[in-house]
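K.L.:
Below: one structure in C-alpha cells.
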Amino acid sequence: MKHKTSVLIVNSKEKESKVRQVPTHIIMNWRKYSLLLLMLVVVFFIISGFLIYQNTSQSYQERLERANFIRSQIDVNKALLAFSSIDSGIYRLNSFLHERGLEQLKIENAGGVDSDFDVIHINEFANFYQTQIENLEETLINLPLGKPYEGAITSDFGYRRNPFTGAGRELHSGIDFRGRLGDSIQSTGKGVVTFAGPKGGFGLCVIIDHNENLQTIYAHLQRVHVKEEQPVNSGQVIGQLGNTGRSTGPHLHYEIRIKDKTINPKIYFDFETKKKND
C-alpha cells in the first residue's frame with residue numbers, strides 16, 4: 001500500500017477546515033513533476049508550431065508557384081507595345097479634337113510606360129487606361145459624328161452662286177442633303193435642344209447644343225419632333241425633312257458651329273485620324 005500524507009486546507013471564510021490525502025512521493029518530488037509538466041507543455045507548443053509552419057509554408061509555396069506561372073504567361077514586351085499603342089491612339093484622338101477646335105482629353109502620365117515596367121504594375125496601368133477610355137467615350141458621345149441624313153449632297157460648305165438668282169456668290173454655311181418630304185432626320189450627337197420651331201430663312205429648325213461651345217443646326221424641316229430643353233441622344237429622330245423657309249426644294253440644311261463660328265460639317269462625317277510619323 002502506497003504511503004499517503006494528510007494535508008490540512010484552512011479557509012478563513014469557512015468555519016471548518018478540510019483534510020486531503022496526497023501521495024507522499026508527489027510531495028517529496030514536486031519539483032520533478034513540475035519540470036516534467038513544463039517539458040510536456042513545451043513539446044506540445046513545438047509540435048503545434050511545426051505543424052502550423054508546415055501547412056503555412058505549403059500554402060505559401062503553392063501561391064508563389066501560381067504567381068510565377070501567371071508572371072511567365074505575361075509577355076512584358078507585348079504589354080509595353082500595347083500600352084504604347086494606346087498612348088499613340090489617344091494622341092491621334094487629341095489631334096482630331098484639336099483640329100476641330102474642341103477640348104482635348106486631359107491625360108496625366110500617358111506615355112510613361114518605360115523599361116522599368118513590371119507585371120506587378122499591370123493592374124495599375126489597366127486601371128489608368130480604363131479611366132482614359134471612359135473619359136474618351138464621354139467625350140465622343142457628345143460629338144456630332146456622322147451624317148444626320150443619308151441623302152445625296154447637293155451643296156457643300158463654302159462659297160457658291162446664289163441658288164435663287166444664279167448670280168453673285170454667297171457663303172453657304174452648311175451642307176444640303178436632297179431627300180424626300182417626311183424622311184426622318186437624326187441628331188448626330190448627344191446634347192440638349194436649345195431651339196425648336198420657325199427661324200426665318202431656316203424655316204422649321206432644330207438647334208442642339210452638344211457642349212457650351214459646340215452646336216448643330218437642322219433646317220428646312222417639315223415637322224419637328226422635339227422641344228426646347230429636351231435632352232437627345234445620338235441617332236435620335238428630331239424631325240422630318242421638308243421644304244420650309246428659304247428653300248429651292250425638299251432638302252435638309254445641316255450646320256455645325258463652334259463658338260458661333262460655322263465650320264465644314266464634312267470633317268465630322270468620317271472619324272479618321274492620321275498617324276504621326278515617328
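Every number in this text was worked out from the coordinates using simple rules, so none of it is lab data. As the structure is a computational prediction, the values presented were derived from the model and not from experiment. With ideal geometry, Cβ positions are generated from the backbone for all residues, glycine too; neighbour counts draw on all protein chains shown.
K.L.:
Determine the alpha carbon to alpha carbon distance for each of K199/K266; K147/K266; K147/K259 and list only those over 19 Å.
P.N.:
Checking Cα-Cα distances, K199/K266; K147/K259 exceed 19 Å.
K.L.:
To the nearest 0.05, how large is the calculated FRET efficiency for K227 and F269 if R₀ is 22 Å and r is the Cβ-Cβ distance?
P.N.:
Efficiency at R0 = 22 Å is approximately 0.20.
K.L.:
What are the ³J(HN,Hα) couplings of region 256-261, residue after residue, when phi is run through the Karplus curve with 6.51, -1.76, 1.60 and θ = phi - 60°? Round to Hz, x for glycine and proline.
P.N.:
Residue by residue, region 256-261 yields 10, 10, 10, 6, 6, 10 Hz.
K.L.:
Whose amide H sits under 5 Å from the amide H of F269, counting only residues 5 or more places off or on another chain, with H placed in the peptide plane?
P.N.:
Those qualifying (amide H under 5 Å, at least 5 residues apart or on another chain) are G146.
K.L.:
Then there is this: Compute the FRET efficiency between R160 and Q130 as 1/(1 + (r/R0)^6), taking r as their Cβ-Cβ distance and R0 = 30 Å, and round to the nearest 0.05.
P.N.:
0.05
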